[in-house]
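Please treat every number below as a calculation from the coordinates, not as lab data. None of these values were measured; they are calculated from a predicted model. As a convention, Cβ positions derive from the backbone with ideal geometry for all residues, glycine included, and neighbour counts pool all protein chains shown.
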Ligand code: BG6
């Protein structure tokens, strides 16, 4: 089965930080894949910018290497690689100095009629200076700017950054990426909820017992320890990816998939989150930090060893009980969990339904488990609906809990595109539905700030957990106190 591909309008994409990690691992491979599928028009241009002095040819060599590092060799055999590389050129420029900017303006100006897109794949402290220079060199008019987290480290710094960008680019041309929104299964959550009549009548506190959102990683922080130590799991994962997932589960049906219709509904969810502060922090949050342990069959060091410091209190794990205080969700806990160096890499949303009100069966038929809808983001993207059925056989009724299992890989024989493929072209299409609006980012910080503040004031450091496990035992206690249990693979 092949997917439908509609070419986008001609664009000139300028990538700042073009020789960095994000560009190498994600942007260049994503653009190539879209080009391979014929979605990028012939005259679209990609300009790499960074401080390094490189010729166009040297940048193409860099990009060719990025492709061979991240794309299976079989997909790199045709003439498409050279066609893609021919789109690339390079300008050396410094965000904090004038050199190179006139040349960049000349290159972008060579493509009149193109949609100018500026992707800031740089350290966040450069977002402001780059935007200012884009304005100064006449590049911002009509241009769209793409930025990615961290968008600030708290509400105050996020507001300051948004102001700085907003002085040059109006909100309808600012694209704040949360790459989780570009994941296939996350978009599928909207399809499941709003393209089926089945779920929406049940999607409320009358029928849903609780929701679990887990984003677990098996890897540690490794060479990113420097950045990670200034962030921690709350800023790195909860403030953005996990809250966005929560919003998509909890939001009211928007009137359309129009960007503001969807983002208005997400914003209402963020504003309805029950505040967590030093009064309830201990009851509803658990933070942890991994110690040495085992992963993928080998010994792995602890966080402090990777960081090379014994003093850090940065959390590498968070478990929380969140509540959305509105009519639809009152009384339904949303258990959130994320961490590095956990037992396996799995991201999923489990919607746990309430038990049947009364059993008509004899007690010896076995327990009647509650229905669950499991939306698996990765790996093995798919959806499972757990139901009770009769165990097959002639010997009378025995009940068993089984999943209706829809694995996307098995059902659709297509490559699962990377989130950046969708998101990059949405910028060109001018579609902001899957991007975070300024007020969403700020509302998320408004909820997160008091939690971070309460943790700072707490006497206890993050709880240690052994690498390769499911986090500190307090995280298990957090949910078991409520008579529920974390579900891995929804089971
Ligand atoms: C990033 C975080 O935003 O998401 C990383 O900064 C994390 O720490 C990554 O590893 C997880 O993304 P994915 O797509 O691999 O689940």
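If you wrap a convex hull around the alpha carbons of the stretch 59-120, what volume per residue comes out, as a whole number of Å³?
Numbers: hull volume 7.3 nm³, N = 62.
Spread over its residues, the Cα hull of the stretch 59-120 gives 117 Å³ apiece.
Could you tell me the largest-minus-smallest coordinate of the C-alpha atoms of the stretch 310-420 on each of the three principal axes, in descending order and whole angstroms?
61, 41, 35
Taking N as the number of residues in the stretch 400-467, what is its alpha-carbon radius of gyration divided by 2.2 N^0.38 Å? Before the final figure, lay out each step's value.
Details: Rg = 20.7 Å, N = 68, 2.2 N^0.38 = 10.9 Å.
Taking the Cα Rg and dividing by 2.2 N^0.38 Å, one obtains 1.89.
Roughly what % of Cα-Cα distances in the stretch 125-173 sit above 18 Å, to the whole percent?
Numbers: 271 of 1176 pairs.
Tail of P(r) above 18 Å: 23 percent of Cα pairs.
Fewest to most neighbouring Cβ within 10 Å: what's the order for 310, 68?
On the way: 310 7, 68 12.
So the ranking, lowest neighbour count to highest, is 310, 68.
Kirkwood hydrodynamic radius, the stretch 256-333, all distinct C-alpha pairs: what's the number in Å? Show your work: numbers first, answer last.
Numbers: mean 1/r = 0.0622 Å⁻¹.
Computed over the stretch 256-333, the radius equals 16.1 Å.
What is the distance in Å between the Cα centroid of the stretch 25-81 and that of the stretch 446-476?
With the stretch 25-81 and the stretch 446-476 each reduced to a Cα centre, they are spaced 41 Å.
Looking at the calculated P(r) for the stretch 221-372, what percent of the C-alpha pair distances fall above 22 Å? Write down the numbers at each step before the final one.
Working: 6442 of 11476 pairs.
The share of Cα pairs beyond 22 Å in the stretch 221-372 comes to 56 percent.
Using the alpha carbons of the stretch 1-42, what is the convex hull volume per residue in cubic angstrom, as a whole number? Mind showing how you got there, number by number?
On the way: hull volume 3.2 nm³, N = 42.
Convex hull of Cα atoms, per residue: 76 Å³.
Suppose we look only past 24 Å in the calculated P(r) of the stretch 84-188. What percent of the Cα-Cα pairs does that tail hold? It would help to have the intermediate numbers written out before the result.
Values: 1610 of 5460 pairs.
When every Cα pair of the stretch 84-188 is considered, 29 percent fall beyond 24 Å.
What ranking, highest mean first, results for peptides 285-294, 414-423, 21-30 when packing means the other Cβ atoms within 10 Å averaged over each residue?
Working: 285-294: 22.1, 414-423: 18.1, 21-30: 20.4.
Ranked by mean Cβ neighbours within 10 Å, highest first: 285-294, 21-30, 414-423.
Considering Cα pairs under 8 angstrom that are at least six residues apart, work out the relative contact order of the chain and quote it in whole percent.
The normalised contact order for the chain reaches 18 percent.
How large is log10 I(q)/I(0) at q = 0.10, 0.13, 0.18, 0.24 Å⁻¹ when the Debye formula is applied to the Cα atoms of the stretch 8-107, each weighted equally and without solvent?
The Debye formula, applied to the Cα set alone, gives -0.26, -0.43, -0.81, -1.35.
Over all distinct alpha-carbon pairs, what is the Kirkwood Rh of the chain in angstrom? All intermediate terms of the calculation are to be shown ahead of the outcome.
Numbers: mean 1/r = 0.0411 Å⁻¹.
About 24.4 Å, per the Kirkwood formula over Cα pairs.
Using the count of nearby Cβ atoms within 10 Å as a rough guide to exposure, how do 251, 388 rank from fewest to most? Spell out each step's value before the answer.
Working: 251 21, 388 17.
Neighbour counts put them in this order, fewest first: 388, 251.
Provide 169, 16, 317 in ascending order of the number of other Cβ atoms located within 10 Å of each residue's Cβ, fewest first.
Placing the least packed residue first, the sequence is 169, 16, 317.
Can you compute the helix-only [θ] at 222 nm over the chain? Use -39500 (n - 2.57) per DSSP H run of at least 4 residues, normalise by all residues, nearest 500 deg cm²/dmol.
Calculated at 222 nm, the ellipticity per residue is -9000 deg cm²/dmol.
At a temperature of 20 °C and a viscosity of 1.002 mPa s, determine how fast the stretch 282-375 diffuses translationally according to Stokes-Einstein, using the Kirkwood radius over alpha-carbon pairs as Rh; express D in µm²/s, rounded to the nearest whole number.
Numbers: Rh = 17.1 Å.
For these conditions, the coefficient is 125 µm²/s.
Rounded to the nearest 5, what is the percent of antiparallel bridges among the DSSP beta bridges in the chain? Please list the in-between numbers first.
Values: 45 of 79 bridges.
Looking only at bridges with both residues in the chain, the antiparallel portion is about 55 percent.
Once every Cα of the stretch 366-481 carries one equal point scatterer and solvent is ignored, give the base-10 log of I(q)/I(0) from the Debye formula at q = 0.15 Å⁻¹, two decimals.
-1.14
Could I get the Rg over Rh figure for the stretch 173-300? Both from C-alpha atoms, Rh via Kirkwood, rounded to two places. Working shown, then result.
Working: Rg = 17.7 Å, Rh = 17.5 Å.
In the stretch 173-300, Rg relative to Rh is 1.01.
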